[in-house]
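The values are calculated or read from the model by the stated rules, or taken from the named source; none is laboratory data. Source: prediction; values computed, not measured. Here the Cβ is made from the backbone with ideal geometry for all residues, glycine too, and neighbour counts use every protein chain on show. Side chains are part of the model used for accessible areas, which takes the heavy atoms of the whole protein and leaves out ligands, DNA and RNA. Shrake-Rupley method; radii C 1.70, N 1.55, O 1.52, S 1.80 Å.
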Amino acid sequence: MNTSPRQTAFLLALLLPAMPVLAADDGWKHTVVLYGVGASVDGTAGIAGVDANVDGGFADLLQNLEFGAMVAYRGERGPWSVLTDLIYLRLEQRKN
């Protein structure tokens, strides 16, 4: 499989561990985690009564990946915490 620089960067980002970013003077502890999930799609998709079969393995999705990012943030202070989980995936179908 021939991968683009974007796909290579995405795969390398999957290897990064969780890392504390800041321990602010006001008592907050901040943690940012970059992560990834290997996924595939199989089933039926439809809209307005028109259905189509969908079948895409992980290799197919990776081949059509333009950009993807998954990051989680957690801020903690005492008994309180704030958590957000952001996921962005941009796919572009390429003709072979």
Exercise for review: Tell me which of these E76 doesn't satisfy, since it passes every other one: (1) over 21 Å from the mean Cα position of the chain (by Cα); (2) surrounded by 12 or more Cβ atoms within 10 Å (Cβ to Cβ); (3) modelled with pLDDT under 85.
Suggested key: (3)
Practice item. Return yes or no: is V32 out of contact with any Asp or Glu (no Cβ under 6 Å at 6 or more places or on another chain) and modelled with pLDDT of 75 or more? Key: yes
Review point. Which of the residues spanning segment 39-48 are touching a residue at least 12 places away in the same chain (Cβ under 8 Å) and either open to solvent by 60 Å² or more (accessible area, probe 1.4 Å) or among the basic types (K, R) (or both)?
Key: S40, V41, D42
Exercise for review: Using the structure shown, decide if V82 is more than 15 Å from Y35 (Cα to Cα) and part of a strand (DSSP E or B).
Suggested key: yes
